[in-house]
Amino acid sequence: MKRLDSIVEFVSGSPQFRIIEVFDDKAPLYTYYGQQDIEDDLVGIDSNGSDSKQVRTLDMVSTLCQGDIVFSLISGKSTIVGVQHQGYLYTQNYVKLVTDEKVDSKYLVYLLNEDKFIKKQFQMGLQGSQVLKYTLKQVKELELPDLPTIEKQRIIGELYFNQLRLEALKIRVANLETTIVLEKLRGAINK
């Protein structure tokens, strides 16, 4: 059995309470990476969640790049950062996972989000806990199933992300169809 910390390097986010906000227009403006951003990156669709918090600071803060793997210590979900979240600031509620060429990023996200053995380990770690928040120690100590060849990992990871995107698009279509039907009904009633 391999532990996650044997194949991944962990980079914690900036402690939010230590970020000193400044009101100088010349200071860099950062947008916080949040749960909605994880969901959007997972399905490859921007939900236009423009309610993201922002902060101006001169502090050195942890930011994300497109292609980074992020794990949420709040939801236990991971994803790959999309181009629209490039440069976002991530807090201590998130961890960046840095892999080497032996592990495919999309496959690792699939494993962390969907593998039954990993889910079971998370469940055991949360038993009796009031706060549903994962610890960095828990994530580091996750035992992984044997990894398939890198080619197989790429295929599985690609299929996983394509399936999530397809599912999200189908939901969006269904919602739009409902909106159209409701508008037609309102039009018929008001005639």
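Quick note: the coordinates plus some simple rules give every number you see, no bench work behind them. As the structure is a computational prediction, the values presented were derived from the model and not from experiment. Note that each Cβ is placed from the backbone with ideal geometry, even for glycine, and that neighbours are counted across all protein chains shown.
Per-structure values
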{"read-out": "In sequence order, calculated HN-Hα J values of segment 87-102 (Karplus, 6.51, -1.76, 1.60; Hz; x Gly/Pro)", "value": "x, 5, 8, 10, 9, 5, 7, 10, 10, 8, 10, 10, 10, 9, 6, 7"}
{"read-out": "Coarse-grained scattering of the chain at q = 0.08, 0.10, 0.13, 0.17 Å⁻¹, given as base-10 log I(q)/I(0) from a Debye sum over alpha-carbon atoms", "value": "-0.34, -0.50, -0.77, -1.14"}
{"read-out": "Estimated 222 nm signal from helices in the chain, with DSSP H stretches of n ≥ 4 weighted -39500 (n - 2.57), rounded to 500", "value": "-13000 deg cm²/dmol"}
{"read-out": "Sorted peptide list for 114-120, 35-41, 150-156, criterion being average Cβ within 10 angstrom, highest first", "value": "35-41, 150-156, 114-120"}
{"read-out": "Pairs beyond 28 Å (Cα-Cα), from 77/170; 77/184; 170/191", "value": "77/184; 170/191"}
{"read-out": "Ranked list, fewest to most other Cβ atoms within 10 Å of each Cβ, for 122, 23", "value": "23, 122"}
